[in-house]
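Please read the structure below before turning to the comments.
The values are calculated or read from the model by the stated rules, or taken from the named source; none is laboratory data. This is a predicted model, so every value here is computed, not measured. Neighbour counts are summed over all protein chains in view; Cβ atoms, including those assigned to glycine, are modelled from backbone coordinates with ideal geometry. With ligands, DNA and RNA removed, areas are computed over all heavy atoms of the protein, side chains included. Shrake-Rupley method; radii C 1.70, N 1.55, O 1.52, S 1.80 Å.
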Amino acid sequence: MPESILQSSIKISNEAPQYLKANLRRAYNHFDQAFLDKMEKKPNEFKACLFALCYFHSLVLGRKKFGSQGWSRVYNFNDGDLTICSDVLFNYLSKYDQVPWDDLKYIFGEIMYGGHITDDWDRRTNATYLKSLIKPELLLPNFSLLYNLFKNPDPAKHDYRGYKQYIEDKLPTEVPQMFGMHPNAEIGYLTLACTELCDTILDVQGGLTGGGGSEDVVMSTLMDLKNRTPPEFPMQ
């Protein structure tokens, strides 16, 4: 594609949310009840491991907002990592009589997600998450997903819709401890977010011109944009 066309085009990116709940909701939406029903050999193990995998995926994406405290470098974790790992999970549970916990952790942490990671300390963090989530205790009642802040739903009592509702109702308010981090880890992130918000407000407000106030400048800009907006596209 010619560079001139790329430069004059509108760029649209599909980035992961910053917050844990939105990430977990988005991750679990990649699957459906039919996908869960495919597993006939170990249905409860499959549902429990899949939810833990989605939670792990949400954690590694959510750490990005903490900057260098989250990950030493920027890694392009994506939804493809999650879906491929879910296929690996399905194949391994279908093939083996016992859940191969160590094999799953190695494939998830060293090959799929670990394939993006180049820093040794980041690789250690990634492995620690999997060590805490992908283990036999995951199948026990009242098992907590990291630091006793969020209990894993009972796979025998939840179907696909039940898991989605569990995310909406039971996931607590996000705190750094849910990522295994110190409570003060969010100070830098919140400070940066506040600074960006104030800068955006000042940019939108604009400066004073002539006898009109800043509100007049903003309103005139809005009206100009509204007049240039094309008619609403018929969706039906």
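Can we say Lys157 is over 18 Å from the mean Cα position of the chain (by Cα) and part of a helix (DSSP H, G or I)?
No, not satisfied.
Hey, does the range 8-26 have a residue that's open to solvent by 60 Å² or more (accessible area, probe 1.4 Å) and touching a Phe, Trp or Tyr at 6+ places or on another chain (Cβ under 8 Å)?
Within the range 8-26, none of the residues are open to solvent by 60 Å² or more (accessible area, probe 1.4 Å) and touching a Phe, Trp or Tyr at 6+ places or on another chain (Cβ under 8 Å).
Among residues belonging to the range 136-186 that are surrounded by 12 or more Cβ atoms within 10 Å (Cβ to Cβ) and β-branched (Val, Ile, Thr), point out the one that is farthest from Phe51 (Cα to Cα).
Checked the range 136-186; the qualifying residue farthest from Phe51 (Cα to Cα) is Val175.
Would you say Tyr55 is within 11 Å of the chain's Cα centre (by Cα) and open to solvent by less than 60 Å² (accessible area, probe 1.4 Å)?
Yes, satisfied.
Which of the numbered conditions does Val99 fail, given that it passes all the others? Conditions: (1) outside any helix (DSSP H, G or I); (2) modelled with pLDDT under 90.
(2)
This table checks each residue for (1) in contact (Cβ under 8 Å) with a residue 60 or more places away in the chain; (2) of a type in the set (S, T, N, Q).
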| residue | (1), (2) |
| --- | --- |
| Ser94 | no, yes |
| Asp97 | no, no |
| Ile111 | no, no |
| Ala127 | no, no |
| Leu140 | no, no |
| Tyr147 | no, no |
| Asn152 | yes, yes |
| Ala156 | yes, no |
| Tyr163 | yes, no |
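Mind checking which pairs have a first residue in the range 67-92 that is on the phi < 0 side of the Ramachandran plot and a second that is among the β-branched types (Val, Ile, Thr) and not in a helix (DSSP H, G or I), Cβ under 9 Å, 6 or more apart or different chains?
Trp71/Ile117; Ser72/Thr118; Arg73/Ile117; Arg73/Thr118; Tyr75/Ile117; Tyr75/Thr118; Tyr92/Val99
Across the range 27-52, which residue is least open to solvent (accessible area, probe 1.4 Å) among those that are out of contact with any Cys (no Cβ under 6 Å at 6 or more places or on another chain) and over 21 Å from Gln98 (Cα atoms)?
Phe31
Of the residues in the range 112-130, how many are in a helix (DSSP H, G or I) and either within 19 Å of the chain's Cα centre (by Cα) or surrounded by 17 or more Cβ atoms within 10 Å (Cβ to Cβ) (or both)?
Counting residues in the range 112-130 that are in a helix (DSSP H, G or I) and either within 19 Å of the chain's Cα centre (by Cα) or surrounded by 17 or more Cβ atoms within 10 Å (Cβ to Cβ) (or both) gives 12.
Across the range 58-82, what is the number of residues that are among the polar types (S, T, N, Q), part of a helix (DSSP H, G or I) and exposed (fewer than 15 other Cβ atoms within 10 Å of the Cβ)?
Count: 1.
Select from the range 7-26 the residues that are polar (S, T, N, Q) and in a helix (DSSP H, G or I) and write down the one among them that is farthest from Phe56 (Cα to Cα).
Among those residues, the one meeting the criterion is Ser8.
Starting from the range 206-226, keep only residues that are modelled with pLDDT of 60 or more, then list their pairs with residues that are outside any loop (DSSP other than H, G, I, E, B) and open to solvent by 70 Å² or more (accessible area, probe 1.4 Å) whose Cβ atoms are within a distance under 7 Å, requiring at least 6 positions of separation or different chains.
Ser214/Gln205; Val217/Thr209; Val218/Val204; Val218/Gln205
Report the residue count in the range 1-44 for those that are under 20 Å from the mean Cα position of the chain (by Cα) and within 30 Å of Gly67 (Cβ to Cβ).
Adding up the residues that qualify gives 19.
For Ala193, only one of the following conditions fails: (1) modelled with pLDDT of 90 or more; (2) open to solvent by less than 80 Å² (accessible area, probe 1.4 Å); (3) aliphatic (A, V, I, L, M). What is its number?
(1)
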